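**Student:** Dropping the structure in here first, questions after.
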């Protein structure tokens, strides 16, 4: 007897509750992270592929650039003003967003590159096989269609 | 000067420029020279191609006999008109043949210069188990008046083949010339008696009559009565001739007795005169007066004779006109046994009936088979003579052999022949005849029964191939002249089969294999084996032929490089003219197995390659998906690594 498929429950409301809690309890961190990770969050919304590979890469790169500003916010009192002050520094925001862009670029280029590598390997293997086939045909006189 | 290859027995050279027609007893003869001594006192008597020399006599007569032209050697040498020839070498006769200087001889000369010397020779021949069978005036020689007569050679043709019928007893004169067989010493005594009579008369009696008439007259009247009854002869000669021409060979004096003419003259054997009919029975227009003439008439005209037998005319005539109720009853019994057979067997049955009836009517008569008369040991020469020239006789002879008629004939007269031996021989002949394939049949029988018959294949027509060792050189010459010839034909195969002792049986049997490839291969192996055993000389023409023929076998190898290598090696070996290494190279079962196995491995590898190439060709989308997945994972991994590195730096600073 087949079991009925499990019902998928939406966790959006729980994520919204979490975000609201963070905004309420640590508005400085929330503002800083929201601004720095804005490209990642945007990518998360736009990336419809299973596992969100592009958004995942953008977010990871963005998160790597968030570490020094968060350290700076922590040491400057964790206030919303300090966060705004940090956000006012173009280098902080620019670095985060450039890193996000690099993540996006990496997510787009890596599949293309690996596909090119795989294709090259396959062609190389096929060339070796054809050479061997030609050797066998010439040595033994087999009939070969040569079709692939 | 003749080349060593043209010398007979390595010493005798035939001088074709010196024909000696009077010395051959009717056969072509030439002068011969002993190259080792320079002595030219020899005569080379030429053997005809389809009338082989007497192998047994040539083998037995190793010592010369005084008063006889004994064979000194025999072998092949160039013959007249540039053709190959075979000659028997004897001493040159001491003078001209008696036929060339025929005149009446006085009684003393007949006894001392003719009868005694000839009887002495016959006695010695008899002691060796031989007969002469060529005693006739053109084969008897005398150095001059007062010298003893010398018997000519009798070895260069089948026994009695060239004897006129007058010199032969009726039972031999009625036979085919080649089928008279070796006979007995009594037959020589009969011929001696005719020669004695001729010398006494100064002419040959009945010389003006044809052979059939001579035989019939002898049968009708008896030999002595037909030839000498009306002649005036010295009483001693009359008595001797009467005894020597006795109808029954057992009644004739022996050579030992003839050495003492007085004793021979005094020996009288009372032979019962044959019954004579009141009225003749006519067979095919020939009136017959007694049982022997009836037998002869049936033998000569078998269809008419059979008619007379089947409709009872002959039996009635025997009973009423001849008054021989016993013979009539035996004929009646024979007919009763044979009348029931019909259909395909009828023809053979008729022939057997005729043969048995003749044998009953005349126990001295030869074997008669559908008009062919012969003695069993004359079968081989008869086959040789009829070969290629008389297909009708060949068909009849084939029937004779298949039905083992000789055995049946001998069974009807066991007291006058060696029945068990003839039965064995008849079975052996039939076995050879019925052997299938190239090495069997009539050719095989022909060569088996004629040990000195040369190979009659068209391939060896320019040579005289009488021995196995001479086959390959002849084939080499034939193939060199025409490379498209096939060197093994039925005559060649049968000749090899008949002459070989052992060791080639496998190849010879395989010649008749149903699969053409096996039979072909057997031919190649046969040639190679013969070269290895009998003729260790290069045979470049045959080797080239073999290389051409085995090319398809080379193509059967799978590996192309090996094929090329084999062809090159085959060409090298062909130039060396050695057949066995060529065949070993081409056949090479171990190499072929390895080649086949390697081919299987290669085929499997090729299949795998084809499959993998097909997979690669069809794997584009799969590789795209795989590349996408891998790229995404790679990007994620890079991002994670960067994050970890930043966190690690932050933790350490």
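The values are calculated or read from the model by the stated rules, or taken from the named source; none is laboratory data. Only a predicted model underlies this, so the values are computations on that prediction, with no experimental measurement involved. As a convention, Cβ positions derive from the backbone with ideal geometry for all residues, glycine included, and neighbour counts pool all protein chains shown.
**Student:** Might you check whether a residue that is modelled with pLDDT under 90, at the interface with chain B (Cβ under 9 Å from one of its Cβ atoms) and over 23 Å from residue B:650 (Cα atoms) occurs anywhere in region A:7-21?
**Tutor:** Keep residues of region A:7-21 that are modelled with pLDDT under 90, which gives A:7-21.
Cutting the leftovers down to at the interface with chain B (Cβ under 9 Å from one of its Cβ atoms) gives us none.
Within region A:7-21 (the criterion being modelled with pLDDT under 90, at the interface with chain B (Cβ under 9 Å from one of its Cβ atoms) and over 23 Å from residue B:650 (Cα atoms)), the answer is no, since none of the residues qualifies.
**Student:** Of all residues in region B:468-502, which are in contact with a helix residue (DSSP H, G or I) (Cβ under 7 Å, 6 or more places away or on another chain) and in a loop (DSSP other than H, G, I, E, B)?
**Tutor:** Selection gives B:483, B:485, B:487, B:488, B:489, B:500.
**Student:** Where residues in region B:309-327 are under 42 Å from the mean Cα position of the chain (by Cα) and outside any helix (DSSP H, G or I), which of them is surrounded by the fewest Cβ atoms within 10 Å (Cβ to Cβ)?
**Tutor:** Selected residue: B:311.
**Student:** Another one. Taking the conditions exactly as written (at the interface with chain A (Cβ under 9 Å from one of its Cβ atoms), over 30 Å from residue A:98 (Cβ atoms) and either in contact (Cβ under 8 Å) with a residue 40 or more places away in the chain or in contact with a helix residue (DSSP H, G or I) (Cβ under 9 Å, 6 or more places away or on another chain) (or both)), does residue B:569 satisfy them or not? Show your work before the answer.
**Tutor:** On the way: at the interface with chain A (Cβ under 9 Å from one of its Cβ atoms): no; over 30 Å from residue A:98 (Cβ atoms): yes; either in contact (Cβ under 8 Å) with a residue 40 or more places away in the chain or in contact with a helix residue (DSSP H, G or I) (Cβ under 9 Å, 6 or more places away or on another chain) (or both): yes.
It is false that residue B:569 is at the interface with chain A (Cβ under 9 Å from one of its Cβ atoms), over 30 Å from residue A:98 (Cβ atoms) and either in contact (Cβ under 8 Å) with a residue 40 or more places away in the chain or in contact with a helix residue (DSSP H, G or I) (Cβ under 9 Å, 6 or more places away or on another chain) (or both).
**Student:** Now a separate question. Can you tell me which condition residue B:607 does not meet? The list is (1) at pLDDT 90 or above; (2) facing chain A (nearest Cβ under 7 Å), and all the others hold.
**Tutor:** So the condition that residue B:607 fails would be (2).
**Student:** Let me ask you something else. Residue B:100 is checked against (1) at pLDDT 95 or above; (2) under 27 Å from residue B:31 (Cβ atoms); (3) in a helix (DSSP H, G or I) and fails just one. What number does that condition carry?
**Tutor:** Residue B:100 satisfies all of (1) at pLDDT 95 or above; (2) under 27 Å from residue B:31 (Cβ atoms); (3) in a helix (DSSP H, G or I) except (1).
Results for (1) touching a residue at least 60 places away in the same chain (Cβ under 8 Å); (2) more than 19 Å from residue B:416 (Cα to Cα), shown as yes or no for each residue.
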{"site": "B:298", "(1), (2)": "yes, yes"}
{"site": "B:309", "(1), (2)": "no, yes"}
{"site": "B:314", "(1), (2)": "no, yes"}
{"site": "B:329", "(1), (2)": "no, yes"}
{"site": "B:332", "(1), (2)": "no, yes"}
{"site": "B:351", "(1), (2)": "no, yes"}
{"site": "B:356", "(1), (2)": "no, no"}
{"site": "B:364", "(1), (2)": "yes, no"}
{"site": "B:373", "(1), (2)": "yes, no"}
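**Student:** Those residues that are facing chain B (nearest Cβ under 7 Å) and either under 46 Å from the mean Cα position of the chain (by Cα) or at pLDDT 95 or above (or both), I need them from region A:131-148; list them, please.
**Tutor:** Correct list: A:132, A:133, A:148.
**Student:** Does at least one position in region B:372-379 carry a residue that is surrounded by fewer than 17 Cβ atoms within 10 Å (Cβ to Cβ) and either outside any strand (DSSP E or B) or touching a helix residue (DSSP H, G or I) at 6+ places or on another chain (Cβ under 8 Å) (or both)?
**Tutor:** Checked region B:372-379: no residue is surrounded by fewer than 17 Cβ atoms within 10 Å (Cβ to Cβ) and either outside any strand (DSSP E or B) or touching a helix residue (DSSP H, G or I) at 6+ places or on another chain (Cβ under 8 Å) (or both).
**Student:** Step by step: first the residues of region B:529-545, then only those that are farther than 19 Å from residue B:484 by Cα and assigned to a helix (DSSP H, G or I), then the one that is farthest from the chain's Cα centre (by Cα). Which residue is that?
**Tutor:** Taking region B:529-545 first, the residues farther than 19 Å from residue B:484 by Cα are B:529-538.
Pick out the ones that are also assigned to a helix (DSSP H, G or I) and you get B:529-534.
Working: B:529: 24, B:530: 21, B:531: 24, B:532: 26, B:533: 23, B:534: 21 Å.
Filtering region B:529-545 for residues that are farther than 19 Å from residue B:484 by Cα and assigned to a helix (DSSP H, G or I), the one farthest from the chain's Cα centre (by Cα) comes out as B:532.
**Student:** While we're on this one: I'd like to know if region B:102-119 contains one or more residues that are surrounded by 22 or more Cβ atoms within 10 Å (Cβ to Cβ) and closer than 21 Å to residue B:5 by Cα.
**Tutor:** Within region B:102-119, not a single residue is surrounded by 22 or more Cβ atoms within 10 Å (Cβ to Cβ) and closer than 21 Å to residue B:5 by Cα.
**Student:** Also, quick follow-up: Checking residue A:94 against (1) within 30 Å of residue B:633 (Cα to Cα); (2) at pLDDT below 90, only one condition comes out false. Which one?
**Tutor:** It is condition (2) that residue A:94 fails.
**Student:** Related question: Quick one: residue A:92 ticks every box in (1) surrounded by 16 or more Cβ atoms within 10 Å (Cβ to Cβ); (2) without any contact (Cβ under 8 Å) to a residue 24 or more places away in the chain; (3) more than 11 Å from chain B (Cβ to nearest Cβ) bar one, so which box is it?
**Tutor:** With respect to (1) surrounded by 16 or more Cβ atoms within 10 Å (Cβ to Cβ); (2) without any contact (Cβ under 8 Å) to a residue 24 or more places away in the chain; (3) more than 11 Å from chain B (Cβ to nearest Cβ), residue A:92 is out only on (2).
**Student:** May I ask you to say which residue of B:545, B:557 is touching a residue at least 60 places away in the same chain (Cβ under 8 Å), touching a helix residue (DSSP H, G or I) at 6+ places or on another chain (Cβ under 9 Å) and in the same structural domain as residue B:481 (by TED's automatic domain parsing)? Can you show your working first?
**Tutor:** Working: B:557 fails: touching a residue at least 60 places away in the same chain (Cβ under 8 Å).
Within the list B:545, B:557, the selection yields B:545.
**Student:** Could you identify the single residue in B:220, B:247 that is assigned to a helix (DSSP H, G or I) and over 26 Å from residue B:108 (Cβ atoms)? Reasoning before the result, please.
**Tutor:** Values: B:247 fails: assigned to a helix (DSSP H, G or I).
Going through B:220, B:247 in turn, the sole match is B:220.
**Student:** Hey, any hits in region B:39-57 for a residue that's touching a residue at least 24 places away in the same chain (Cβ under 8 Å), surrounded by fewer than 16 Cβ atoms within 10 Å (Cβ to Cβ) and part of a loop (DSSP other than H, G, I, E, B)?
**Tutor:** yes
**Student:** Pick from A:60, A:73: which is free of Cβ contacts under 8 Å to residues at least 60 places away in the same chain, within 14 Å of another protein chain (Cβ to nearest Cβ) and more than 26 Å from residue B:635 (Cβ to Cβ)? It would help to see each step written out before you state the result.
**Tutor:** Details: A:60 fails: more than 26 Å from residue B:635 (Cβ to Cβ).
Residue meeting the stated conditions: A:73.
**Student:** May I pose another question? For region A:96-121, which positions are within 14 Å of residue A:65 (Cα to Cα), crowded, with 18+ Cβ neighbours inside 10 Å and more than 7 Å from chain B (Cβ to nearest Cβ)? Quick ask: steps written out before the conclusion?
**Tutor:** If we filter region A:96-121 for residues that are within 14 Å of residue A:65 (Cα to Cα), which is where we start, we get A:96-103.
Narrowing the set further to residues that are crowded, with 18+ Cβ neighbours inside 10 Å leaves A:96-97, A:99-100, A:102-103.
Across region A:96-121, the qualifying residues are A:96, A:97, A:99, A:100, A:102.
**Student:** Restricting attention to region B:501-515, does a residue exist that is surrounded by fewer than 17 Cβ atoms within 10 Å (Cβ to Cβ), without any contact (Cβ under 8 Å) to a residue 40 or more places away in the chain and within 19 Å of residue B:588 (Cβ to Cβ)?
**Tutor:** Among the residues of region B:501-515, at least one is surrounded by fewer than 17 Cβ atoms within 10 Å (Cβ to Cβ), without any contact (Cβ under 8 Å) to a residue 40 or more places away in the chain and within 19 Å of residue B:588 (Cβ to Cβ), which makes the answer yes.
**Student:** Taking the options A:138, A:71, name whichever one is surrounded by fewer than 16 Cβ atoms within 10 Å (Cβ to Cβ) and closer than 28 Å to residue B:619 by Cβ. Talk me through it step by step, then tell me what you get.
**Tutor:** Numbers: A:71 fails: closer than 28 Å to residue B:619 by Cβ.
When all the criteria are applied, what remains is A:138.
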